[in-house]
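Notes for the one structure printed next.
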Amino acid sequence: ILNVEQSPQSLHVQEGDSTNFTCSFPSSNFYALHWYRWETAKSPEALFVMTLNGDEKKKGRISATLNTKEGYSYLYIKGSQPEDSATYLCAFLSNSGYALNFGKGTSLLVTP
Amino acid sequence: EAGVAQSPRYKIIEKRQSVAFWCNPISGHATLYWYQQILGQGPKLLIQFQNNGVVDDSQLPKDRFSAERLKGVDSTLKIQPAKLEDSAVYLCASSLGTNIQYFGAGTRLSVL
């Protein structure tokens, strides 16, 4: 089992605020880093799959960066909306295995 | 395109009883995963199938958990007998290879 850490554990912001979360993972044997959004009572939804050091990906108001050498990824949400309220999970895939190793997630609450 | 289907959505049983969960992956997805997500933790891989063969079941408690994927399509996960600590959300996911995993909405199991 590989150690994937996410911070903060939870976050409460006001509508319109921008926010970011951190995912740290082993810097060796890197294959891919996945970000998922999981809304209550729904299926986890893939946001990004990142494979290259220095990768930056964007989907609407959400973007992510990747640093494989130091073992971290940031997820940014610009101008948070109440519908962004969810748990954001990152998962590390090693090049020596098949399993996604998930962090515990960051729970985001955006209030109007 | 239909997503990953899981049933039931909720299940309440008493300890020492048996329970089974069903998953129908996205058509054409050769890889199927079962995860266990205990409250406050990230999803943990229980078993991964490639078609109807097991790729990784290293974290499956084989004394009480079993899973099968008949004909390389649908899959069932069984717990017999259940323990209190099995209370969790059981997620099924499918993918084409090691790319994005598409998740079902999960089965929330409560063991009393």
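Quick notes
- Cβ-Cβ under 9 Å pairs, at least 6 apart or on other chains, region B:1-13 side within 10 Å of chain A (Cβ to nearest Cβ), far side open to solvent by 50 Å² or more (accessible area, probe 1.4 Å) and among the small types (Gly, Ala, Ser): B:ARG9/A:ALA41
- Taking region A:38-107 and the strands (runs of 3 or more DSSP E) fully enclosed by it, the elements with 3 or more residues that are open to solvent by less than 50 Å² (accessible area, probe 1.4 Å) and either away from chain B (no Cβ under 11 Å) or closer than 17 Å to A:LEU11 by Cα (or both) are at A:62-67, A:72-77, A:86-94.
- Residue identified as over 10 Å from the mean Cα position of the chain (by Cα) and facing chain A (nearest Cβ under 10 Å) among B:VAL73, B:VAL111, B:VAL55: B:VAL55
- All positions within region A:4-45 that are among the basic types (Lys, Arg) and modelled with pLDDT under 95: A:LYS42
- Condition met for B:ARG16 (modelled with pLDDT of 95 or more, within 9 Å of chain A (Cβ to nearest Cβ) and more than 25 Å from A:VAL4 (Cβ to Cβ)): no
The values are calculated or read from the model by the stated rules, or taken from the named source; none is laboratory data. All values reported here derive from a predicted model rather than from experimental measurement. Because the Cβ atoms are built from the backbone with ideal geometry, glycine has one as well, and the counts that use them run over all protein chains shown. Ligands, DNA and RNA are stripped out before the accessible areas are found, and what is left, the full protein with its side chains, is counted by its heavy atoms. Shrake-Rupley method; radii C 1.70, N 1.55, O 1.52, S 1.80 Å.
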